[in-house]
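Chemist: Sharing a structure with you now.
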Amino acid sequence: MTRQWLKQGFIAGSLLAVGAASLVAPALGAPFGTRADVAYAGQLWSSLKYRHLVGKHAIMSTPYQGTHPHGAILDTIDGWTRVGNDAGPVIIKRNYGGPGVSKTAVANNPRKFLKAVTVMFKRPGYDPENQDWFWVKYGPDGSVLKNPKGMFLAGRVAKGTGKGCIACHKAAPGGDMVFNHDRYAR
């Protein structure tokens, strides 16, 4: 009886350990969208909101015609921010769409058409291979959005794949992964 109980306890304990590992392993081995990435993205949003770069009282630039995957109309602004001990440049692109969207409509009522906010934050030492950019795609409320596979779009988004943030921005001229200037080239 004792031997049978020990055997069953060992099997149950082993199954529990394997089950727990399978729950944790994807988050630990994921290329992006980990719990740490999402937590950092939350801190970044708070910093951007404090600096009026996102949220209800966000500073805007002139809306312009957009392209896929960002939106029909875009508004881009950049500056500097701090997240914990990290300080560096940040680029915020607000993505607008929906019925009746136009540059004029967005200029007059941006909150009505805002669909997402995509951000690049140069996080010192984070990912030297990709110019240390931390990538994140937020909903208008600051929640981190997910891709169709259910992965949070925060961190080294789509690193090592042929599509996504990093793959697209590698094509930017100037070596800084930024399309509209090369101020951050090393």
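Chemist: Would it be correct to say that residue 57 is more than 22 Å from residue 170 (Cβ to Cβ) and either out of contact with any helix residue (DSSP H, G or I) (no Cβ under 9 Å at 6 or more places or on another chain) or outside any strand (DSSP E or B) (or both)?
Modeler: Yes, satisfied.
Chemist: Which count do you get for residues in region 132-146 that are on the phi > 0 side of the Ramachandran plot and either not small (Gly, Ala, Ser) or not assigned by TED's automatic domain parsing to the domain that holds residue 40 (or both)?
Modeler: Going through region 132-146, the residues on the phi > 0 side of the Ramachandran plot turn out to be 132, 142.
Okay, now just the ones that are also either not small (Gly, Ala, Ser) or not assigned by TED's automatic domain parsing to the domain that holds residue 40 (or both), so 132.
Of the residues in region 132-146, 1 are on the phi > 0 side of the Ramachandran plot and either not small (Gly, Ala, Ser) or not assigned by TED's automatic domain parsing to the domain that holds residue 40 (or both).
Chemist: Further question: Kindly indicate whether any position in region 147-160 is touching a residue at least 12 places away in the same chain (Cβ under 8 Å) and either within 16 Å of residue 49 (Cα to Cα) or not assigned by TED's automatic domain parsing to the domain that holds residue 53 (or both).
Modeler: no
Chemist: Next question. Going through region 153-162 one residue at a time, which ones are surrounded by 15 or more Cβ atoms within 10 Å (Cβ to Cβ) and over 26 Å from residue 57 (Cβ atoms)? Before you say what the answer is, go through the steps one by one.
Modeler: Start the filter on region 153-162 by keeping residues that are surrounded by 15 or more Cβ atoms within 10 Å (Cβ to Cβ), which leaves 153-159.
Residues satisfying the conditions are 155, 156, 157, 158, 159.
Chemist: For region 113-128, name all the residues that are at pLDDT below 95 and assigned to a helix (DSSP H, G or I).
Modeler: Passing the criteria: only 128.
Chemist: Take the conditions of a type in the set (Gly, Ala, Ser), in contact (Cβ under 8 Å) with a residue 12 or more places away in the chain and touching a helix residue (DSSP H, G or I) at 6+ places or on another chain (Cβ under 6 Å) and apply them to residue 142. Does it pass?
Modeler: yes
Chemist: If you check 178, 136, which single one turns out to be surrounded by 13 or more Cβ atoms within 10 Å (Cβ to Cβ) and part of a loop (DSSP other than H, G, I, E, B)?
Modeler: After ruling out the rest, the residue left standing is 178.
Chemist: Quick check on residue 90: is it closer than 19 Å to residue 163 by Cα, assigned to a strand (DSSP E or B) and touching a helix residue (DSSP H, G or I) at 6+ places or on another chain (Cβ under 9 Å)? Step through it out loud before you land on a result.
Modeler: Details: closer than 19 Å to residue 163 by Cα: no; assigned to a strand (DSSP E or B): yes; touching a helix residue (DSSP H, G or I) at 6+ places or on another chain (Cβ under 9 Å): yes.
So residue 90 fails the test.
The values are calculated or read from the model by the stated rules, or taken from the named source; none is laboratory data. Just so we're clear, the structure is a prediction, and the values are computed from it rather than from any experiment. Positions of Cβ are backbone-derived with ideal geometry, glycine not excepted, and every protein chain shown enters the neighbour counts.
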